[in-house]
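Each remark here refers to the structure printed beneath this line.
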Amino acid sequence: MIKLVADSAIDRPDLSGVCLVPLTMSTEERQFRDDAALNITEMLDYMAAYKGRSYTACPSVDAWLQAFAGGDEICVITITSGLSGSYNSAVAAKELYCAEHPNAKIHVFDSLSTGPEMLLILEKLKALTAEGLPFEEIVAQTTEYQKHTRLFFSLQSVHNLAQNGRVSKVVAAAVGMLSIRIVGTASPEGQLDPQSKVRGDNKALPELLSKLTHAGYAGGKIRITHVENLKLAERFAAMVREKWPAADLAVSPNGGLCSYYAERGAILVGIETA
Ligand code: X90
């Protein structure tokens, strides 16, 4: 039985059979653990009203070790190593765990992405493990699958990304006013690639649709997540279904970490490319 482990940047869709390791969001006064008990609305309200700086932290090596406990074949999915230490922390935990358990097999997948693209990788792992394939085969097929997934997004604010050095101040200065939306993608290095600035959701949605069409989306799996903006996510879902009626599509809310960084109003889209 292969154990599946992911950090909480994967949000919280149907996570049955998956062990989730939380990141944390904090200020000088409060810390929020990104687990099922987190009240995301309350966290976003608190962060918006808070005057000082806020931070995040990836899981410790020890937190990963606790999640690995008892497993002998373990697949791990992390948020992009291009923006977080989570991947390195998981790899350090893997080395310690395997030193203690010489027969254990662990593979850590660097999603080079976050949220809904991590979810696609998880769904692939679930399908392959259900087929009962050997560990090495599952790792090989999932690694290949990662070459055919992408992430796109539309953001209303990049304040928290800029505050934490995850996006340039130049990009940050251009948003947060006049209903500007940043439409972009995860770069091949797993960093934020802000590609266009548009005014309002009415422009952002067609822009997003055109980007994923150009990336090679052709009606396969598509996972849409949103930060307290189900309405916008559903509007985008309807546009996708109009073009590809048979699309394998699901909409779900973001978890704490992606909500903190993508901020209120955002949508994130993970796709399979042809
Ligand atoms: O280790 C940590 O403290 C976590 C740092 C995470 C930083 C970035 C999270 C981005 C979340 C924002 C929009 C999508 C950007 C995707 C680029 C790969 C979501």
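Answer yes or no as to whether A140 is in a helix (DSSP H, G or I) and either acidic (D, E) or within 16 Å of the ligand (Cβ to nearest atom) (or both).
Considered against the rule, which asks whether it is in a helix (DSSP H, G or I) and either acidic (D, E) or within 16 Å of the ligand (Cβ to nearest atom) (or both), A140 comes out as no.
Considering only residues that are of a type in the set (D, E) and more than 16 Å from the ligand (Cβ to nearest atom), look in segment 220-271 and name the one that is farthest from I180 (Cα to Cα).
In the first step, residues of segment 220-271 are kept if they are of a type in the set (D, E); the result is 228, 234, 242, 248, 263.
Adding the requirement that they be more than 16 Å from the ligand (Cβ to nearest atom) leaves 234, 242, 248.
Numbers: E234: 20, E242: 26, D248: 30 Å.
Result: D248.
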* Asked: From the list V139, V158, which one is at negative phi, among the aliphatic types (A, V, I, L, M) and in contact with a His (Cβ under 9 Å, 6 or more places away or on another chain)?
  -> V139
* Asked: Counting just the residues of segment 7-34 that are within 14 Å of the ligand (Cβ to nearest atom) and assigned to a strand (DSSP E or B), which one comes out farthest from I79 (Cα to Cα)?
  -> Q31
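Within segment 227-261, which residues are part of a helix (DSSP H, G or I), under 13 Å from P116 (Cα atoms) and in contact with a strand residue (DSSP E or B) (Cβ under 6 Å, 6 or more places away or on another chain)? Give the steps one after another, and end with the answer.
Going residue by residue through segment 227-261, those that are part of a helix (DSSP H, G or I) are 230-243, 256-261.
Filter again for under 13 Å from P116 (Cα atoms), leaving 233, 257-259.
If the condition is that a residue be part of a helix (DSSP H, G or I), under 13 Å from P116 (Cα atoms) and in contact with a strand residue (DSSP E or B) (Cβ under 6 Å, 6 or more places away or on another chain), then A233 is the only one that fits.
A short reminder: the numbers here are calculations on the coordinates, not readings from a lab. Everything numeric in this text was worked out from a predicted model, so none of it was measured. Please note: Cβ atoms are built from the backbone with ideal geometry, for glycine as well, and neighbour counts cover all protein chains shown.
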